[in-house]
Ligand SMILES: Nc1ncnc2c1ncn2[C@@H]1O[C@H](COP(=O)(O)OP(=O)(O)OP(=O)(O)O)[C@@H](O)[C@H]1O
């Protein structure tokens with residue numbers, strides 16, 4: 001039985017409690033002192049023996065209770081740790097200060113294999129012995145496990161190894177944790193990060209004519225069973241649109257997998273996309289590995305940055321698009337799958353074709369249906385809509401109180417050219433939200449150039465001019481918003497603002513709501 005003895009802390013109490021146990025000649029297999037409890041594991045303790053022990057313990061000054069527990073805390077922690085390690089797909093080794101393994105997860109045991117484990121597992125082996133690289137072990141130990149990531153060989157397989165020191169203070173290093181990444185899993189990890197399952201057209205924010213037009217066209221094309229090419233500058237939301245098209249197609253509910261063709265060298269991109277056959281290269285998984293095309297059978301594969309595909313992969317992809325068949329790397333039989341290809345690029349593919357950088361026949365196969373995503377600077381007030389969305393999200397993320405844009409900040413956002421588009425806006429807002437803590441984000445907080453504001457005086461939130469206004473309604477709305485934005489900080493409630501503007505409270509409240517200005521203050 002396992003028991004917890006709770007006590008009020010005083011010098012020597014643990015010693016006295018242990019003396020009571022010793023006097024009873026109990027077979028104690030584990031003791032953990034974790035104030036305000038001492039935990040005991042005594043397998044033979046039960047029934048009357050427990051009652052007697054409880055009486056004796058309660059006579060020790062400071063002991064307050066004795067109760068059975070299902071597990072000792074250290075044991076619970078070890079079980080949790082073992083479960084966490086077992087769930088990690090990459091091999092992980094914990095080593096002591098000399099570089100000798102003290103703990104390894106199942107993935108590490110698998111790599112080293114049965115033969116090596118018959119000698120008692122990995123614990124006790126030196127890193128030099130396992131990797132055949134004595135310099136690596138010496139370097140780690142000499143530098144307190146602060147060494148850059150590098151490649152090591154384990155049982156003939158190459159791994160990228162990350163090393164982190166285990167230390168309770170910088171000068172007291174107890175060892176290190178080594179995480180080994182197999183090259184065949186790098187793409188898998190990228191893909192897992194990108195394999196999200198949320199986000200239809202509702203996740204694509206924007207009410208501007210450019211965006212409503214795009215969403216309507218995308219919704220129509222989504223339903224057509226043919227390759228789709230999405231063109232647009234970087235960060236405009238091409239992947240978001242690709243995913244929404246998948247969700248709006250008959251393949252909804254099937255797998256959507258994405259590959260960034262620019263992120264991987266040719267051989268990795270090839271094995272990620274087409275898979276590889278057993279024994280096809282050093283470091284390959286024993287049974288081979290299916291590629292994204294097989295994994296997404298009946299679903300969609302999104303090829304981002306398709307313009308970066310090498311000529312060899314362009315040819316292999318063309319063949320797949322022509323008849324749905326391909327071979328795994330190193331494989332000798334044909335595979336056939338049913339996958340819709342959605343591709344995207346920020347490059348001018350037609351120009352690349354003209355210059356010989358991209359195969360013309362592949363361009364026509366990918367470009368059966370096409371969408372052009374407008375840059376952010378052509379989406380008008382969507383900029384502010386997106387900015388407000390990102391502000392709310394960033395404030396929640398960093399657990400900061402909500403904040404709003406001043407008129408000056410709104411004008412700066414509208415005037416910025418946004419070369420990095422929505423992704424840039426997202427990071428500008430995130431940075432501003434994390435670097436300030438007041439209720440307002442002002443233009444200087446955004447850290448963007450405001451040079452175009454002078455060129456477009458009617459844009460923005462300060463109502464300083466009207467030359468840039470598109471229509472009477474837009475100009476009035478812009479003026480109203482700017483006015484409310486400017487006065488609200490000084491008259492922070494609809495009643496105070498109505499009094500200041502000598503108008504009705506209801507009208508001001510409606511306008512504040514219309515322009516998304518929160519009314520909770522004042
Ligand atoms: N209309 C939008 N509404 C909400 N979020 C958006 C919108 N457009 C883009 N985003 C966000 O902006 C970021 C960039 O979008 P995404 O990755 O889809 O762009 P991309 O055009 O595929 O970029 P790249 O060309 O660099 O691959 C993402 O975080 C995405 O969620």
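Tabulated data for the structure shown
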quantity	calculated
Residue 258 in contact (Cβ under 8 Å) with a residue 60 or more places away in the chain, farther than 20 Å from residue 383 by Cβ, within 13 Å of the ligand (Cβ to nearest atom) and out of contact with any strand residue (DSSP E or B) (no Cβ under 8 Å at 6 or more places or on another chain)	no
Any hit, the stretch 332-339, residues being without any contact (Cβ under 8 Å) to a residue 40 or more places away in the chain, part of a helix (DSSP H, G or I) and surrounded by fewer than 14 Cβ atoms within 10 Å (Cβ to Cβ)	no
Some residue of the stretch 209-220 being surrounded by 19 or more Cβ atoms within 10 Å (Cβ to Cβ), touching a residue at least 12 places away in the same chain (Cβ under 8 Å) and away from the ligand (no atom under 13 Å from the Cβ)	no
Options 423, 419, 401: the member that is within 22 Å of residue 304 (Cα to Cα) and not in a helix (DSSP H, G or I)	419
Scan of the stretch 36-55 for residues that are closer than 21 Å to residue 9 by Cα and out of contact with any helix residue (DSSP H, G or I) (no Cβ under 9 Å at 6 or more places or on another chain), ordered by number	36, 54, 55
Residue count, the stretch 108-120 (criterion: at pLDDT 75 or above and surrounded by fewer than 20 Cβ atoms within 10 Å (Cβ to Cβ))	2
Where residue 9 falls short, out of the listed (1) over 21 Å from residue 74 (Cα atoms); (2) surrounded by fewer than 16 Cβ atoms within 10 Å (Cβ to Cβ); (3) out of contact with any helix residue (DSSP H, G or I) (no Cβ under 7 Å at 6 or more places or on another chain); (4) in contact (Cβ under 8 Å) with a residue 40 or more places away in the chain	(1)
Selection count, the stretch 53-92, where residues are within 27 Å of the chain's Cα centre (by Cα) and at pLDDT 90 or above	0
Scope the stretch 426-440; condition assigned to a loop (DSSP other than H, G, I, E, B) and either buried (at least 16 other Cβ atoms within 10 Å of the Cβ) or touching a helix residue (DSSP H, G or I) at 6+ places or on another chain (Cβ under 7 Å) (or both); matching residues	436
Subset of the stretch 261-278 that is in a helix (DSSP H, G or I) and surrounded by fewer than 20 Cβ atoms within 10 Å (Cβ to Cβ) - its residue that is farthest from the ligand (Cβ to nearest atom)	267
Residue count for the stretch 12-40, restricted to those that are under 15 Å from residue 70 (Cα atoms) and in contact (Cβ under 8 Å) with a residue 40 or more places away in the chain	2
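Residue-wise test of (1) at pLDDT 90 or above; (2) out of contact with any helix residue (DSSP H, G or I) (no Cβ under 8 Å at 6 or more places or on another chain); (3) not assigned by TED's automatic domain parsing to the domain that holds residue 362.
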{"position": "214", "(1), (2), (3)": "yes, no, no"}
{"position": "231", "(1), (2), (3)": "yes, no, no"}
{"position": "234", "(1), (2), (3)": "yes, no, no"}
{"position": "256", "(1), (2), (3)": "yes, no, no"}
{"position": "273", "(1), (2), (3)": "yes, no, no"}
{"position": "285", "(1), (2), (3)": "no, no, no"}
{"position": "290", "(1), (2), (3)": "no, yes, no"}
{"position": "302", "(1), (2), (3)": "yes, no, no"}
{"position": "306", "(1), (2), (3)": "yes, no, no"}
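For every residue, the table says whether it meets (1) touching a helix residue (DSSP H, G or I) at 6+ places or on another chain (Cβ under 7 Å); (2) at pLDDT below 90; (3) not assigned by TED's automatic domain parsing to the domain that holds residue 203.
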position: 396; (1), (2), (3): no, yes, yes
position: 400; (1), (2), (3): yes, yes, yes
position: 407; (1), (2), (3): yes, no, yes
position: 411; (1), (2), (3): yes, no, yes
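Each row is one residue, and each column tells you yes or no for (1) surrounded by fewer than 16 Cβ atoms within 10 Å (Cβ to Cβ); (2) under 28 Å from the mean Cα position of the chain (by Cα); (3) away from the ligand (no atom under 14 Å from the Cβ).
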| residue | (1), (2), (3) |
| --- | --- |
| 296 | no, yes, yes |
| 316 | no, no, yes |
| 322 | yes, no, yes |
| 329 | no, no, yes |
| 343 | no, yes, no |
| 348 | yes, no, no |
| 353 | no, no, yes |
| 365 | no, no, yes |
| 378 | yes, no, no |
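The values are calculated or read from the model by the stated rules, or taken from the named source; none is laboratory data. Only a predicted model underlies this, so the values are computations on that prediction, with no experimental measurement involved. Cβ coordinates were reconstructed from backbone atoms using ideal geometry, including for glycine residues, and neighbour counts include every protein chain displayed.
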